[in-house]
Amino acid sequence: MPPTHPLPDDPIDLARRSWRAQGWGKAAEGMAVITSIMRVQQVLLARVEAVLRPLGLTFARYEVLMLLRFSRKGSLPVGKIGERLQVHPASVTNAVQRLEQDGHVVRSANPGDGRSVLAEITTRGRKLTDEATARLNSDVFGEVPIPVAEQRELYAALKEMRRAFGDFR
């Protein structure tokens, strides 16, 4: 799904040159890297959302379903979902409620902690993850437009950035 009307020039490259011209050369490369990462995130999210939309999913809801699918029991406390996905609790609650309305998740009181709520993936939710993952693997994850060796290098560099920013230990 390439853009329908690619720009004639790279606007981030133009911004990098402008940064240097303004005397901000020391920060120009960092600005270009960060802006590029943010733009790539926008492009990738749009591609992912276009694949998931016909299935009635957003990427946020897909992530919740996959986290539940990969859990040992197929269920997790809602708070733990937010922690693992690194999102605000209200966002998780909203996603879980929508998934429950659509029959992909059921909520129940946590028997191990009466103060929390468990979300559990349903058979219907598992089937949806099969279809969504097959489409994402085919149309997005398997179509990254750089060689696999460069994908590994990029992942390692981004992982190191995330670690340096305190995203994980």
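The values are calculated or read from the model by the stated rules, or taken from the named source; none is laboratory data. A quick note: this is a predicted structure, and the numbers were derived from the prediction, not measured. When we count neighbours, we look across all protein chains shown, and the Cβ atoms used for this are built from the backbone with ideal geometry, even at glycine. The accessibility values were calculated without ligands, DNA or RNA, using every heavy atom of the protein model including side chains. Shrake-Rupley method; radii C 1.70, N 1.55, O 1.52, S 1.80 Å.
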For Trp19, which of the numbered conditions (1) open to solvent by less than 60 Å² (accessible area, probe 1.4 Å); (2) more than 29 Å from Leu128 (Cα to Cα) fails to hold? (1)
Residue satisfying condition, being out of contact with any helix residue (DSSP H, G or I) (no Cβ under 7 Å at 6 or more places or on another chain), assigned to a helix (DSSP H, G or I), open to solvent by 40 Å² or more (accessible area, probe 1.4 Å) and farther than 21 Å from Leu68 by Cα, within set Arg152, Arg124: Arg152
Is it the case that Arg98 is open to solvent by 60 Å² or more (accessible area, probe 1.4 Å), in a helix (DSSP H, G or I) and more than 24 Å from Glu143 (Cβ to Cβ)? yes
Could you run through the range 68-80 and say how many residues are open to solvent by 30 Å² or more (accessible area, probe 1.4 Å), touching a strand residue (DSSP E or B) at 6+ places or on another chain (Cβ under 8 Å) and either over 20 Å from Pro111 (Cβ atoms) or assigned to a helix (DSSP H, G or I) (or both)? 1
Restricting to the range 19-35, name every residue that is of a type in the set (Gly, Ala, Ser) and either touching a Leu at 6+ places or on another chain (Cβ under 7 Å) or closer than 15 Å to Leu158 by Cα (or both). Gly30, Ala32
Name the residue that is most open to solvent (accessible area, probe 1.4 Å), counting only residues in the range 36-67 that are assigned to a helix (DSSP H, G or I) and over 30 Å from Leu7 (Cβ atoms). Glu63
